[in-house]
Structures are given as C-alpha cells and as structure tokens.
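The values are calculated or read from the model by the stated rules, or taken from the named source; none is laboratory data. Note that the structure is a prediction, hence the values are computed from the model and not measured. Neighbour counts run over all protein chains shown; Cβ positions are idealised from the backbone, glycine included. SASA here: full protein model, heavy atoms, side chains in, ligands and nucleic acids out. Shrake-Rupley method; radii C 1.70, N 1.55, O 1.52, S 1.80 Å.
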Amino acid sequence: MNRKLKALGLLMISTALLLTACGSSDVATANGKGGLTSSEVVGEISNDAVKPSSITMMVDGTLITQENGRDEFEKRWEAITGIDLVIVQPEHDVYYDEVSKAFEEGNLPDVILLSSNYYTTYAAQEMLADLTPYYSGSELEKSVTDAGKSALIDGLRINGKLYGISPTRGNGCVTYIKKAWLDNVGLDVPTNYAEYMEVLKAFTEGDPDGDGVDGNTYGVSAAGIINNEAPYINYLPEFYQDAYPSFYEKEDGTWADGFMEETMKDALVRLRDAYSKGYIDKDIAENGTGDCRDKFYANEYGIFTYWAGTWAKTLSGKLVEAGVDGELVTMPPIKETGLYLERVAPVWCITSACDNPSGVYKYFLETMNDGGEVEELWTYSPISDSYAKNHIDHLLATVALKNDPGAGSITEEQANALKIFNDNSKMADLPYSTDAYSLYNEELMGLKKELVKKVVIDGADIDSSFAEFEAANGAYMSQAIVDSLNAE
C-alpha cells in the first residue's frame, strides 16, 4: 500500500508552437500541414477499446489558450485522431474554482487535469476512473518502462491503483535575478540569507534599474505568500527555508504538520520583516502568476522565483521584448534553504462520468505520450515557427519525443536553470487523502492562509494569531489529519 502519493513528475506549462512544417516524421513531412491521418496514428495504439466519437476535456492555462492558437490545436488533434474534441478551459487563475463546481454539480467532462491535492481527494471520493487495467500491458507502460520513468507513474498510485497519468515530471522553481541589477548595485549572487537580504535592500532602496532614481523599485514578488498546492512555498523559498506549511513525512516515517512547528513562526518573522521594509511586492497576497510576470517585464522588481527549464528562456525573451536587459542569473539555493522543492505533477484523469473510459484512455491519454505526432502537438504550438511551448515541456516529458524538432532550441540559460534545479532539489511530500484529510484540509488551509496574511501583510502578533487559529479549530483539524495519516 502506498503510504503517500509522490508524483515524481510534471509540468510546465503555458503557451504555444508548431507541429506543421516543423513535424519530424517522414510522413508528416510528406503531408505538410496535414500531418498524419487518423489511421496512421491511432491504428498503432495499444489495448482494444471502442473509439470515442467525441471527448470532452477540462484543462487550465497550461494548454495554449484560444487567443494563442487553441483552435488550431483542436483542429490538428481532431485531424490526427478522427475524434471530435470539446475543450473546456476556464481562466487559469480560477481554474480550480470551476473544477470544484463541476464536481459538486456533477457536470463532469470525460477527462480532466487535476493538481495533486484534487487528484487524491477525488480519487478517494470515487469520482475518478481506475486506469490500472488500461495502463497495465499497454504501449504507454512499455514506453515509460523503456525510458526508465516507471517511478513517475508508479508514484501516482493510491493503494496500488492508478487514477491518472502525468505526461511530464513535476519540475519546480528556481530563483532568477536580473544580472544588470546586481551589477548596478555592486553585489554578487547571494549564498545565504544575510546576503539575500542585502540584495533585497539594495534593490528596494537603491537604483538597481539605473534610471537615476533611488527607491522606485523593490526586491521580490510572488503569486501569493503560500501557493495553492504542494509544495506551497516554492515561490518564496528563501523566506521559508526549513519551514513547511502543510503535512510532511519525517525521517522516522511518521507524519507531522509543519505549520504547527516553531520553524513556521520563524518563517513568518522573516516574511513580516521583509514585507514591512518594502522589499516584497505590496500586492503579493492578491497577485496571480501573470501579475508577477508583467511586473517583472516592466522592471518593477529584480528577483523572481519561477519555473526551471523553458521559463528561463521565456522570461529572458520577454524582458528583451519589453526593452529591458534580459540577462538572468539562476541562483543555487541559499545555505539556509538547502534544496529547492519539486512539485507533484498535475495529473490527467478520466472522470467517473465518462461512459467509455477504455476508449478515452487509448485515444486520449495514451497518445499524449506517443513519442510522435500527437505528443509533438501537445508539446509545441501549432501556429508558431519558433518552438514555443504548449502543454508538455519537452525538457520534462515522461516519454521523450523520438525526433524532437525543438531539441536545438534549448538555450544555455534553459539548460543551466534546469541543471541547477535538478542538482539541488528534492520531491515534496504529498499525503494521500484520508477521511480526515478530505473533511478538513480545505478549511484548514484557508485558516492557515488567513493567519499568514494577517501576520505578514497586517503585521499582527504571531502568538495572538495562532491563538485565534486554535480557537477556530485549526489546531484540532491539523491534529486530526496527522492522527489519520499516522494510523495508516
């Protein structure tokens, strides 16, 4: 029995690219923009199953959006598979509000992308199809095994059963610093917290952007003080250090809630101090990731902890487009942080409402990692000629493309950022969903976020805030979950 779900996998995400004239196979080259026919692709997929006439999927902004070429993606996918694809794509920042609404109302798609927390919760509620019999013996299982990536899929098993597939590893965030800003204030890349704070002070009080005005910039921004999913602290690792605001497995195999430990109070002191000095974006509690990127490109701040790999190239390129020096330094984790955390990968799941799960597995999930034309479509935008990324990051794919047309597009910055992360990271713990976890964790996380905001933004006393947290049953719910995890 798996005592926890460790999805050694992932994501990263976002915009767009071309499968057409850039297609790698001989058949695709011969067919030009038409690509492969449905019989040429789907005819080789494993597992006997009835081919669906239509598949409805729900996905966030990690698939290219409509304005960035989603219609072309849909048209191309349908041409390859011969299946009508219905795409439900809420706005990225409210995606999980819409996911929760869909499950509550029973208005479910055939297949849906879920973060780790939602994956374990809905699996426990029997709202997801068991994919174990479809994956077992399939062509995808063989490809994953041959690639030496079995752990990425096995880590998604809950009590031996598989309720989803992740086409990529989890990846994580590294800290990027604008080199021009460091040069302008005469400082080196920080190696410990004291040096990090010195850089934040200089970026906030000095003239790092070189516009001749002191104090019109700030040090760092992030999309919230706590992220919405494990590992929660990946956007502000220098402040959290050894603190963790959720459940983790200790070295002795028992579970604990890091939010209830003294290390969390120490992290809150650091965050409150930096925020009160103006080193942290004043809007951090309301920021989405898009807000942070826009402010970074506008040269408002100098340090941004964001995804390793492809994003190193994207951030640099967008800065240049905005007329800002695009050279970024990827910072190894500071001494007190030790290691960056790799997030648990989002998981593609077939819902219990799907009336043909074997067909959706075969023609949708399995083709996503076929190593060929369909995976290439999920990897690169169908409207760009510069290998802009679609849903799958080719640097992180569970099954690599057999002939990756974008292999030569990997920049030195991308490779360096990914290497620093891979060499200095560990997988975040993710507890599986017990009854107590399912019952309390959402409310508990709400109380935790409220406490953190009150302390960091409002400057509230930490001990008094924890007393209010306990009075609201936060400590009770936390202990109930810990007890349930340790009872397994």
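If you check every pair at least six apart or on different chains, which have Cβ atoms under 6 Å apart with a residue in region 178-195 that is under 22 Å from Asp273 (Cα atoms) first and a residue that is open to solvent by 40 Å² or more (accessible area, probe 1.4 Å) and assigned to a loop (DSSP other than H, G, I, E, B) second?
As it stands, the answer is Asn192/Lys335; Tyr193/Glu336, since those pairs meet every condition given.
Which one is farthest from Tyr361 (Cα to Cα) among residues in region 24-61 that are at pLDDT below 50 and among the acidic types (Asp, Glu)?
Asp26
Identify, please: which residue in region 100-114 is open to solvent by 20 Å² or more (accessible area, probe 1.4 Å) and either among the charged types (D, E, K, R) or in contact (Cβ under 8 Å) with a residue 24 or more places away in the chain (or both) and is, among those, nearest to Ile165 (Cα to Cα)?
Asp110
Do we have Ile64 as in a helix (DSSP H, G or I), modelled with pLDDT of 90 or more and touching a Ser or Thr at 6+ places or on another chain (Cβ under 7 Å) here?
Answer is no for this residue.
Mind listing just one residue for me: the one in region 155-179 that is under 21 Å from Phe364 (Cβ atoms) and of a type outside the set (A, V, I, L, M) and, of those, most open to solvent (accessible area, probe 1.4 Å)?
Checking each candidate, the answer is Lys161.
Please work out which one of (1) farther than 25 Å from Tyr118 by Cα; (2) under 20 Å from the mean Cα position of the chain (by Cα); (3) of a type outside the set (Gly, Ala, Ser); (4) open to solvent by 30 Å² or more (accessible area, probe 1.4 Å) is the condition Glu195 fails and give its number.
(2)
Regarding Asn117, is this residue open to solvent by less than 30 Å² (accessible area, probe 1.4 Å), out of contact with any strand residue (DSSP E or B) (no Cβ under 7 Å at 6 or more places or on another chain) and farther than 29 Å from Pro382 by Cα?
The answer is yes for Asn117.
Is there any pair linking a residue in region 269-280 that is farther than 14 Å from Glu198 by Cβ to one that is modelled with pLDDT under 95 and open to solvent by 40 Å² or more (accessible area, probe 1.4 Å), with Cβ under 6 Å and at least six apart or on different chains, and which?
none
Could you go through region 69-79 and let me know if any residue there is modelled with pLDDT of 90 or more, more than 23 Å from Ser143 (Cβ to Cβ) and part of a loop (DSSP other than H, G, I, E, B).
yes
Return only the number of the condition from (1) open to solvent by 30 Å² or more (accessible area, probe 1.4 Å); (2) under 30 Å from Ser484 (Cα atoms); (3) of a type in the set (Phe, Trp, Tyr) that Phe259 does not satisfy.
Among (1) open to solvent by 30 Å² or more (accessible area, probe 1.4 Å); (2) under 30 Å from Ser484 (Cα atoms); (3) of a type in the set (Phe, Trp, Tyr), Phe259 violates only (1).
Just checking, does region 132-146 include any residue being assigned to a helix (DSSP H, G or I), within 30 Å of Lys335 (Cβ to Cβ), without any contact (Cβ under 8 Å) to a residue 40 or more places away in the chain and open to solvent by less than 40 Å² (accessible area, probe 1.4 Å)?
No, region 132-146 contains no residue that is assigned to a helix (DSSP H, G or I), within 30 Å of Lys335 (Cβ to Cβ), without any contact (Cβ under 8 Å) to a residue 40 or more places away in the chain and open to solvent by less than 40 Å² (accessible area, probe 1.4 Å).
Look at Thr337 and say whether it is touching a strand residue (DSSP E or B) at 6+ places or on another chain (Cβ under 6 Å), modelled with pLDDT of 95 or more and among the polar types (S, T, N, Q).
Considered against the rule, which asks whether it is touching a strand residue (DSSP E or B) at 6+ places or on another chain (Cβ under 6 Å), modelled with pLDDT of 95 or more and among the polar types (S, T, N, Q), Thr337 comes out as no.
Among (1) within 28 Å of the chain's Cα centre (by Cα); (2) open to solvent by less than 30 Å² (accessible area, probe 1.4 Å), there is one condition Leu182 misses while meeting the rest; what is its number?
(1)
Select from region 198-223 the residues that are among the small types (Gly, Ala, Ser) and open to solvent by less than 10 Å² (accessible area, probe 1.4 Å) and list them in ascending order.
Result: Gly219, Ser221, Ala222.
If Ser276 passes every condition in (1) open to solvent by 10 Å² or more (accessible area, probe 1.4 Å); (2) within 24 Å of Thr191 (Cβ to Cβ) but one, which one does it miss?
(2)
Ala230 is checked against (1) of a type outside the set (Phe, Trp, Tyr); (2) open to solvent by 20 Å² or more (accessible area, probe 1.4 Å); (3) at pLDDT below 95 and fails just one. What number does that condition carry?
Here Ala230 meets the rest and fails (2).
Restricting the search to region 435-488, which residues are of a type in the set (Ser, Thr, Tyr) and either open to solvent by less than 40 Å² (accessible area, probe 1.4 Å) or in a loop (DSSP other than H, G, I, E, B) (or both)?
Tyr437, Ser465, Ser478, Ser484
Could you please give the count of residues in region 276-299 that are farther than 17 Å from Gly459 by Cβ and of a type in the set (Phe, Trp, Tyr)?
Summing the residues that are farther than 17 Å from Gly459 by Cβ and of a type in the set (Phe, Trp, Tyr) in region 276-299 gives 2.
Please enumerate the residues belonging to region 206-231 that are free of Cβ contacts under 8 Å to residues at least 24 places away in the same chain and closer than 20 Å to Leu447 by Cα.
The answer is Asn227, and nothing else.
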